[in-house]
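Colleague: Here you go, one structure.
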Amino acid sequence: MPKLPSGLTTFEPSDTVRRTAQNENIEAIDALFRATGGHRHTGKAGDAPQIGTEGIAVGAVTSDRIALSAVTGDRVARETLCRRHLKSGRLSGNVAKYKKVTVTAGSVSGSPTTPYYQYGDHYWALFSAYSTFPQSMTVELGAEFSEIEGICFDNNWGTPPKSFYVEISSDKTTWRRAYAYTRPAAEALPRYHPFDQLFGGSYVRLTVTEPDETSGNSFVSGFGVLSRGAQESSPDFRIYQGLLQFHNGSEWKGVGIKNVQRGSASIAYFSPNGTGSTVREVTISAVNPQKTFVNITTSGLSHWFQTSPMMDGSVCARLIDNNKLRFNFYEGFYEAYAEISWEVIEFA
């Protein structure tokens, strides 16, 4: 059972280890760290190098895809960690979910700002055979955001743009360049593209300057705009003007019952002297007839002929306009009376 320079003892799988030997190792570990207080960046013997005001030293952080070769602004390493998040404690939210897009060329399927990656459903496609470059896609955020810090997107069929730039605007007239990127031939396209500073605006424009060098095409899907301190919107639902809506990937649509109207009415008719009417109309608040149905309950009696026995009254109800209900007895009744309770239900 040899000892290490640290004072710890090693054991073989076949060794029988006594409790005293385990305690000796515990004491050796305690002696190693008691004076240091744990892992520290003091630069002293046994401790890690100091971290200066400029952050982690060049070359100290790597990833399996991109090595850190320079520290620029608040960025430590592409696709790893953003120091601005640590400084503020405020994470980003995607403020472009399901937002409207316009393009200068190419074809749009579904909504390119739908925040999930799915082949063939939601994308912006550019084909060199039909379009020249550059071409742009503009996202309307719907509100002004003061801390936009980056964009992200996927690509369909492995054909990302080779180079592009991003601009920000508050009025869709004056644009500021926020970011530019050209993909080296051996590098896969990063999904996240952080800006070197924060920008404010309500429109974001992605301009593709070169397509994929192999196919000559360019696909963009799952496009997101990251704004610090913004809460991510619900991926499918929202409350708008007091009503629940869902997004189908292209537009917002209503969910469930929009409104219910209720009331009562009566019909009275007597044939010999022509008093009353077999028809009664009621004015209601305007509805969409294609999304509305009517429920009624009635209690009444009627004579088919003057000498016939009394029978249950039969009343029909229907919408004759977007704001009018009509109730009516069968035209051949001799005498009839009914109380009616009605309900008009409109769906979103």
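The values are calculated or read from the model by the stated rules, or taken from the named source; none is laboratory data. From a predicted model like this one, the values you see are computed outputs, not experimental measurements. Please note: Cβ atoms are built from the backbone with ideal geometry, for glycine as well, and neighbour counts cover all protein chains shown. Protein only, heavy atoms only, side chains kept; ligands, DNA and RNA dropped before computing areas. Shrake-Rupley method; radii C 1.70, N 1.55, O 1.52, S 1.80 Å.
Colleague: Which sequence of Trp252, Trp175, Trp342 reflects their accessible areas, 1.4 Å probe, from the largest down?
Modeller: Values: Trp252 75, Trp175 50, Trp342 20 Å².
Putting Trp252, Trp175, Trp342 in descending order of accessible area: Trp252, Trp175, Trp342.
Colleague: Here's a follow-up. Estimate the FRET efficiency between Thr42 and Glu213 by the formula 1/(1 + (r/R0)^6), using the beta-carbon distance for r and 51 Å for R0, to the nearest 0.05. Don't skip to the answer; put the middle values down first.
Modeller: On the way: r = 49 Å, r/R0 = 0.96.
That gives a FRET efficiency of 0.55.
Colleague: Would you kindly state how much longer the chain becomes between Asp171 and Lys100 on full extension, computed as 0.36 nm times their sequence separation minus their alpha carbon distance, in nm to one decimal? Don't skip to the end; give the middle numbers.
Modeller: Values: separation 71, 0.36 × 71 = 25.56 nm, distance 1.55 nm.
Full extension from Asp171 to Lys100 adds 24.0 nm.
Colleague: Which of the peptides 102-114, 285-297 is most tightly packed, and how do the rest follow, judged by the mean count of other Cβ atoms within 10 Å per residue? Spell out each step's value before the answer.
Modeller: Values: 102-114: 18.4, 285-297: 13.5.
Result, highest mean first: 102-114, 285-297.
Colleague: Where in the stretch 97-140 does the amide nitrogen come within less than 20 Å of the point 7 Å from the Cα of Arg191, taken along Cα to Cβ?
Modeller: The answer is 97-99, 111-125.
Colleague: Taking the full set of protein chains and a 1.4 angstrom probe, give the accessible area of Asp15 in square angstrom, rounded to the nearest 10.
Modeller: In the full protein context, Asp15 sits at about 50 Å².
Colleague: Measure of size requested: the Rg and Dmax of the stretch 128-224, with Cα atoms as the atom set and Å as the unit; please supply both.
Modeller: Rg and Dmax of the stretch 128-224, Cα atoms, are 13.5, 39 Å.
Colleague: Given the Cα-Cα distance of Glu24 and Glu140 and 0.36 nm per residue of separation, how much length would full extension add, in nm?
Modeller: Values: separation 116, 0.36 × 116 = 41.76 nm, distance 6.70 nm.
Length gained, Glu24 through Glu140: 35.1 nm.
Colleague: Follow-up. What do you get for chymotrypsin sites (Phe, Trp or Tyr not before Pro) in the stretch 99-151 restricted to DSSP loop and a cutoff of at most 14 other Cβ within 10 Å of the site's Cβ? Walk me through the numbers before you get to the answer.
Modeller: On the way: sites: Tyr116, Tyr117, Tyr119, Tyr123, Trp124, Phe127, Tyr130, Phe145; in loops: Tyr116, Tyr117, Tyr119, Tyr130.
Here the chymotrypsin sites (Phe, Trp or Tyr not before Pro) that fit, given the DSSP loop and packing criteria, are Tyr116, Tyr119, Tyr130.
Colleague: Under a point spin-label approximation (7 Å from Cα along Cα-to-Cβ), what is the Tyr181-Asn295 distance to one decimal in nm?
Modeller: 5.4
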